[in-house]
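Written out below as structure tokens is the structure these notes cover.
The values are calculated or read from the model by the stated rules, or taken from the named source; none is laboratory data. Predicted, not measured: the structure shown is a model, and the values here were computed from it. Cβ: placed from backbone, ideal geometry, glycine included. Neighbour counts: every protein chain shown.
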Amino acid sequence: MTLLLGLETSCDETAAAVVRDGHEVLAERVASQAELHARFGGVIPEVASRSHLEVIFPVVEDCLEQAGVSLEELDGLAVTHRPGLIGCLLVGLSAAKGFALARGLPLVPVNHVHAHVYGALMGGEGGSAPTHPEQAPWPLASLVVSGGHTTLYESRGPEVHRPLGRTLDDAAGEAYDKVSALLGLGYPGGPIVDRLAAEGDPNAYELPRPLPPDSLDFSFSGLKTAVLYAVRGPQGRDPLPADLVAADVAASFQAAVVDVLARRLVQAAERIDAGGLLVCGGVAANRALRARLAEEAERTGLPLFMPPMRLATDNAVMVAGLGYHVLRAGRTAGLELDAVPRGD
Ligand code: KG4
Ligand code: ZN
């Protein structure tokens, strides 16, 4: 039996979780900074790292207490050390190093993007994983779609992910956040636009569905600009029309994003002769995307792996889950472990 504490601070969520053997969740805690950043319309890195520092110890204490586990009983500390905002990563990493040093525990470095993929295999209420993470039908066509990433991978194991295509400009979540800002709605934009889109007409605006040719890449900046011109005129500078039906804009934009993501994922699956489809990252909480991918799974006969809603956005369950495999493979780290802002 292997018990890991996971720590996640790569962006604007401070999270801790205790997970046994890579799949059994004993406790989980997430402190979101969304409200803190809402008034700026985006994550301010300095504000984010300071906030992580304020809450990380209470979050860890709470989590251990909920799990009924003491630091002495742990087998290691799994921590997101890449990629992410450098100041934010350093808070989680320093805390993990402190615990590891104090208790003589191994430090287990976890890649945030790979952890998102793993989280989709962990199942749980509302998730779709029908199998144990270790028995997934590899290779999987995996779509990581969040505020920082829109990347397709050929996944051959919990830690083996070969990039097949990626966004050439904005991430899909970023496009959601920008469209929300354009419409004068709040931050983070994804959940707001998602909710609004359910009430609108997806055919109200004719928007492009950019699919860069001869590749599995994505591009969302043209779509974002098309939305801008559609609502604020050919220069993109007119005031928002008084009679603008924001729900129609949201629905049309969402239909284009979902269509592009779903088509690319299915193309990727065909290319690698995948045994299953997987979607993860914050945008995997999108209801329209989940519904469309469920249809594609049915049509192609491939199983679909999606995280439960609560594990779509950043969390430490996925970090402690993947950490189990990193630890088992002997890839622990020393106190010299660095935070790395980029990479996938
Ligand atoms: O994975 P995540 O929590 O953080 C990153 O690693 O980026 O993803 C956050 C992103 C934000 O851009 C947010 O707007 C988007 O995920 N998001 C959504 C939904 N919920 C969150 N996008 C579309 N629909 C949603 N329901
Ligand atoms: Zn993330």
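Worth a mention:
- Arg29 being within 16 Å of ligand 1 (Cβ to nearest atom) and at pLDDT 95 or above: yes
- Conditions (1) in a helix (DSSP H, G or I); (2) more than 15 Å from ligand 2 (Cβ to nearest atom); number of the one not met by Ala242: (1)
- Among the candidates Asp169, Asp194, Asp214, residue that is acidic (Asp, Glu) and at pLDDT below 95: Asp214
- Of all residues in segment 293-305 being surrounded by fewer than 24 Cβ atoms within 10 Å (Cβ to Cβ) and closer than 20 Å to Gln254 by Cβ, the one that is farthest from ligand 2 (Cβ to nearest atom): Glu295
- Taking segment 5-25 as the range and being within 13 Å of Met122 (Cβ to Cβ), touching a Leu at 6+ places or on another chain (Cβ under 8 Å) and of a type in the set (A, V, I, L, M, F, W, C) as the test, the residues that pass are Ala17, Val19.
- Within segment 65-86, at least one residue is within 15 Å of ligand 2 (Cβ to nearest atom), closer than 27 Å to Phe220 by Cβ and surrounded by fewer than 21 Cβ atoms within 10 Å (Cβ to Cβ).
- Residue within segment 72-94 that is under 27 Å from Gly343 (Cα atoms), in contact with an Asp or Glu (Cβ under 9 Å, 6 or more places away or on another chain), at pLDDT below 95 and in a strand (DSSP E or B) present: no
- Hits in segment 94-112 (condition: surrounded by 24 or more Cβ atoms within 10 Å (Cβ to Cβ) and within 16 Å of ligand 2 (Cβ to nearest atom)): Val110, His112
- Residue pairs meeting the criteria (Cβ under 8 Å; at least 6 apart or on separate chains; first among the polar types (S, T, N, Q), in segment 271-283; second within 12 Å of ligand 1 (Cβ to nearest atom)): none
- Identity of the residue in segment 295-317, part of a helix (DSSP H, G or I) and in contact with a strand residue (DSSP E or B) (Cβ under 6 Å, 6 or more places away or on another chain), that ends up nearest to ligand 1 (Cβ to nearest atom): Val317
- Check on Val43, out of contact with any helix residue (DSSP H, G or I) (no Cβ under 7 Å at 6 or more places or on another chain), within 27 Å of Val144 (Cα to Cα) and within 16 Å of ligand 2 (Cβ to nearest atom): no
- Of residues in segment 28-59 being in a strand (DSSP E or B) and surrounded by fewer than 19 Cβ atoms within 10 Å (Cβ to Cβ), the one nearest to the chain's Cα centre (by Cα): Ser32
- Scanning segment 114-136 for residues that are over 22 Å from Val60 (Cα atoms) and either surrounded by 19 or more Cβ atoms within 10 Å (Cβ to Cβ) or modelled with pLDDT of 95 or more (or both) gives His114, Val117, Ala120, Leu121, Gly123, Gly127, Ser128, Ala129, Pro133, Ala136.
- Residue list for segment 318-341, restricted to those being more than 13 Å from ligand 1 (Cβ to nearest atom) and either under 21 Å from Val283 (Cβ atoms) or part of a helix (DSSP H, G or I) (or both): Ala320, Gly321, Leu322, Gly323, Tyr324, His325, Val326, Leu327, Arg328
- Residue pairs whose Cβ atoms lie under 9 Å apart, separated by 6 or more positions or on different chains, with the first residue in segment 35-61 and aromatic (Phe, Trp, Tyr) and the second part of a helix (DSSP H, G or I) and surrounded by fewer than 19 Cβ atoms within 10 Å (Cβ to Cβ), are Phe40/Val47.
- Of all residues in segment 262-292, those satisfying the criterion of being within 16 Å of ligand 2 (Cβ to nearest atom) and in a helix (DSSP H, G or I) are Gly282, Val283, Ala284, Ala285, Leu289.
- Annotation: Gly148 fulfils all but one of (1) under 30 Å from Ala329 (Cα atoms); (2) at pLDDT below 95; (3) more than 16 Å from ligand 1 (Cβ to nearest atom); the unmet one is (3).
- Criterion (out of contact with any Lys or Arg (no Cβ under 9 Å at 6 or more places or on another chain) and within 27 Å of Gly165 (Cα to Cα)) met by exactly one of Ala230, Ala226: Ala226
- Segment 265-314, residues that are among the hydrophobic types (A, V, I, L, M, F, W, C), more than 17 Å from the chain's Cα centre (by Cα) and closer than 19 Å to Pro202 by Cβ: Ala291, Ala294
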